[in-house]
Amino acid sequence: MTEKPIRMPSISGTEALIIELLDAGERFGLELIDASEGRLKRGTIYVTLSRMESKGFVVSRQEERPAGAIGLPRRMYRVTGYGLKVHQAYLLLRDALALKPAEAH
Amino acid sequence: MAGAATSGRWFASFARRVTRDSTFTLLVAPAIADLQREAAHSWRRQGRHYPGLILVLTIALLRDLRLDLTEPFGTNTAPAWTATATWYLACVVTFAGAVIWTTPLHLLGTAGKLSATASAFVVGLVAAMPLGVTAAVFHLRRRELLRPRAFAATIASFIVIATLVHVATLPVRSSLNRTTYASVSPEISREAVLPDDPRQQYLAVEWRKWAGWRESLTSTVMNGITFPRPADPVGIVAVEAHFLANALPVGFTGTTYAAIYAMAMTPPLLVFGLFGVALSRGRGLTVLLRALGLVTSCVGLQLAILTGFGVSHSLVVMLVTAMAWTFYDKLPWWRRLPTCVATGSPR
């Protein structure tokens with residue numbers, strides 16, 4: 001009987017950057033754009049965050065606001081333990097693949 | 001700060017209507033909330049946010065469309081598809097049987113018999129598609145396996161599938177028709193000569209009887225297979241208007257863009273899909289009566305057009321059917337009439 005292959009989680013460069021930015025604490029989308037210094041774009045950040053949430057890398061909640069506040073509440077994002085682990089594995093893999101064959105010994 | 005809160009309000013209202021609740025909450029609302037915060041700073045920063053919002057909404061719509069298209073084919077929809085397949089196969093057999101019944105197999109050679117029978121089943125496969133669509137939508141809706149907003153995408157996918165089946169079977173049908181045509185006895189014609197021998201005269205009567213069938217087959221072989229069309233341009237407009245009127249009150253999305261979908265997709269298959277939606281809203285006798293109303297209304301309209309009465313008589317047929325349904329129900333007439341006119345059936 002053959003074992004079922006384990007599905008490896010995938011993480012993109014943008015997702016890794018978002019996890020790095022969220023490591024400092026809970027943030028909302030616009031804060032992430034400002035903190036990224038132009039590396040994250042307004043059109044893609046929310047889609048990426050939504051995808052990361054479905055992958056389990058981040059969790060989100062609506063901000064608490066005083067009663068009677070108008071407008072939509074912002075969504076605050078926080079990195080999960082799983083997200084951090086995948087990110088660490090990603091960094092290790094990236095560093096290992098960046099090695100030249102001679103440096104690997 | 002009030003200006004900040006009102007920025008993007010219209011955008012939020014529009015996005016809330018066209019996207020799924022979960023998509024709006026997780027994807028679109030955060031972007032709008034950030035826009036409202038940006039508005040507190042400057043118009044310039046706010047202006048930079050709008051292209052991003054449009055991109056987010058586009059991606060959200062595409063994501064929802066994918067979900068809408070896959071929803072009817074999920075793993076929990078198997079019972080609905082089993083019931084649909086049963087209905088569809090029954091319709092295929094019925095239509096194929098009707099075609100075979102109207103084919104003079106006894107006047108064809110062996111090859112002709114085989115090709116005519118095979119052709120009848122292929123015709124059955126195509127002809128049963130609209131009723132199959134009705135059955136699919138009916139069973140998916142009855143079992144609450146399909147959200148109202150997914151109807152448009154589901155029916156559109158059925159239209160694409162049905163059209164592909166129709167187009168894919170055209171070469172097969174043409175080939176089978178040519179084989180049948182080659183097997184047809186040349187004596188089958190309106191000018192069949194009556195033999196002198198009285199015992200043989202019945203053959204000529206039989207040949208004359210099937211002359212119309214042979215002429216139809218010849219036309220199909222010579223001109224190719226075409227999509228069935230109503231008899232005249234006025235008729236087409238009347239049929240389309242009736243179909244559109246059917247689509248509007250069903251309210252499969254509950255929003256105004258139901259009307260846009262209805263206008264954009266008026267091929268007959270859409271109507272059959274909407275029949276499925278309308279029929280699924282009742283049980284037992286109500287379903288039967290509603291189906292009868294829809295079928296009577298459409299058949300009456302088609303007959304009025306095909307027999308050359310034109311659009312005014314067609315409208316009379318629709319109104320008479322609607323009035324019949326109006327008086328059937330027990331609600332006040334002014335509440336029933338608009339729906340009955342539009343759907344040809346009681347609420």
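For chain A, what % of the accessible area comes from carbon and sulfur atoms, probe 1.4 Å? Walk me through the intermediate numbers first.
On the way: 3840 of 6840 Å².
Carbon plus sulfur share of accessible area: 56 percent.
If one takes the longest principal axis of the Cα atoms in chain A, at what angle in degrees, from 0 to 90 and to the nearest 10, does the Cα axis of helix A:81-98 lie?
Helix A:81-98 and the main axis of chain A meet at about 40 degrees.
Give me, ordered by chain and number, the residues 5 or more places off A:Val58 or on other chains with an amide H under 5 Å from its own placed amide H.
HN-HN under 5 Å from A:Val58: A:Glu53, A:Thr80.
R0 = 60 Å: FRET efficiency of A:Leu97 with B:Arg283, Cβ-based, nearest 0.05?
Numbers: r = 62 Å, r/R0 = 1.04.
Result of the calculation: an efficiency of 0.45.
Could you compute how much accessible area chains A and B hide from each other, both sides summed, with a 1.4 Å probe? Nearest 100 Å² is fine.
1900
Using a basic spin-label model with each label point 7 Å from the Cα along Cα→Cβ, how many nm lie between A:Gln62 and B:Ala90?
Spacing of the two 7 Å Cα→Cβ label points: 4.8 nm.
Kindly give Rg over Rh for chain A, based on alpha-carbon atoms, with the Kirkwood expression for the hydrodynamic radius.
Taking Rg over the Kirkwood Rh, I get 1.10.
Rounded to two decimals, what ratio of Rg to Rh does region A:39-92 give with C-alpha atoms and a Kirkwood Rh?
Here the Rg-to-Rh quotient is 1.09.
Of the options B:Thr103, B:Ala120, B:Leu131, report the single residue whose Cα projects farthest towards the positive end of the charge dipole of region B:100-194 (beta-carbon charges: Lys, Arg +1; Asp, Glu -1).
Of B:Thr103, B:Ala120, B:Leu131, it is B:Leu131.
List for region B:8-26: residues with 40 Å² or greater reduction in accessible area, all protein chains versus chain alone, probe 1.4 Å?
Buried on complex formation: B:Leu26.
For region A:1-54, rounded, prolate or oblate, judged on the Cα gyration tensor with a ≥ b ≥ c (square roots of eigenvalues), a/c < 1.5 rounded, else prolate if a/b > b/c?
Prolate.
When the accessible area of region B:35-122 is computed with all protein chains present and a 1.4 Å probe, what percentage of it is carbon and sulfur?
Carbon-and-sulfur percentage of accessible area, whole number: 74.
Which whole number gives the average count of other chain Cβ atoms within 10 Å of the Cβ atoms across peptide A:65-75?
5
If I stretch the segment between B:Ser157 and B:Arg9 completely, what's the gain in nm (0.36 nm per residue apart, minus their alpha carbon distance), one decimal?
Details: separation 148, 0.36 × 148 = 53.28 nm, distance 3.30 nm.
Gain on extension, B:Ser157 to B:Arg9, equals 50.0 nm.
Could you calculate the FRET efficiency of B:Leu292 with B:Leu65 from 1/(1 + (r/R0)^6), where r is the beta carbon distance between them and R0 is 56 Å, rounded to 0.05? List each step's numbers first, then the result.
Working: r = 35 Å, r/R0 = 0.62.
E(calc), rounded to 0.05, equals 0.95.
The values are calculated or read from the model by the stated rules, or taken from the named source; none is laboratory data. The shown structure was predicted, so the numbers you read here are calculated from the model rather than taken from an experiment. So basically every Cβ, Gly included, is an ideal-geometry build from the backbone, and we count neighbours across all protein chains shown. Note: accessible area is taken over every heavy atom of the protein model, side chains too, but ligands, DNA and RNA are not part of it. Shrake-Rupley method; radii C 1.70, N 1.55, O 1.52, S 1.80 Å.
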